[in-house]
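The values are calculated or read from the model by the stated rules, or taken from the named source; none is laboratory data. Owing to the predicted nature of the structure, the values given are computational and were not obtained by experimental measurement. Each accessible area value is taken on the protein alone, full model and side chains, heavy atoms only, with ligands, DNA and RNA left out. Shrake-Rupley method; radii C 1.70, N 1.55, O 1.52, S 1.80 Å.
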Amino acid sequence: MDPKAILRAFYPDDTPLRRKLLDHSSQVRDEALRIAARPACAGLSLDLDLVSAGAWLHDIGIYRCNAPEILCTGTQHYLRHGIIGADMLREYGALHGLDLEPCARICERHTGSGLTAAEIRIRRLPLPARDYLPETLEEKLICLADKFYSKSGDGHRKTTDAVRRSMNRFGSGPLHRLDALLDLFGLA
């Protein structure tokens, strides 16, 4: 599987949005691989090929969302980009005989520190009310690495404290999950 070929299928033209997506995805991939290389991760049997591919593809659904501040001019709420991307990868995989389910799951489960069905219901988020929590090590690693880079920011890596502050505004559950990810990968 060539994740860049999949991205080209959905983002064929050299547009500012495509460049933003590629820059962000590259940053997330590099961060995830840096974290995976830490001594704290030595015993974690991570599939680094999946980490790389999943990082490239985790935000593939953004172009169908309405987020003009990051050049997305679609119609869907931005919170849906993960489930949209997962659907896109499943359809693409079915058409091309590829098992993209692991990457589809990464798309669905990387938002915030994951989302629970209860949080979706309580906050009335525009998502089907089910859990979107990262489960595999690769899902958890990409979820964490993504928190250090914003598509709407200056492109610089956020500090761990800045990431924690941004997650704190969503309550204790998301912050607790973030802290568990930081601990798992030796960044606490």
- GNM top mover of His176, His58, His156 - the chain, alpha-carbon springs below 10 Å: His156
- Hey, what's the chain come to in accessible area per residue, 1.4 Å probe, Å²? 49 Å²
- For Lys20, list the lysines whose Cα falls under 22 Å from its own Cα; do not include residues on the same chain fewer than 8 positions away. Lys4, Lys147, Lys151, Lys158
- Item | More than 15 Å apart - percent of Cα-Cα pairs taken over the stretch 82-121 | 43 percent
- Query: When the Kirkwood radius is taken over all Cα pairs of the stretch 55-99, what Stokes-Einstein diffusion coefficient follows at 10 °C and 1.306 mPa s, in µm²/s?
  - Reply: 147 µm²/s
- Task: Heavy atoms only, probe 1.4 angstrom, no DNA, RNA or ligands counted: give me Ser45, Ser26 ranked by accessible area, highest first.
- Result: Ser45, Ser26
- Message: How large is the Kirkwood hydrodynamic radius of the stretch 1-147, counting all unique pairs of alpha carbons, in Å?
- Response: 15.5 Å
- Note on the structure: The long-range amide H neighbours of Cys72, using H built 1.01 Å from N in the peptide plane and a cut-off of under 5 Å, are Ala67
- Scaled radius of gyration (Cα, divided by 2.2 N^0.38 Å) that the stretch 6-57 gives: 1.35
- Item | Among Ile142, Ile120, Ile62: highest mean-square fluctuation, GNM of the chain, C-alpha pairs under 10 Å | Ile120
- Note on the structure: Of every hundred units of 1.4 Å-probe accessible area on the stretch 122-169, the number belonging to carbon and sulfur atoms, as a percent, is 46 percent
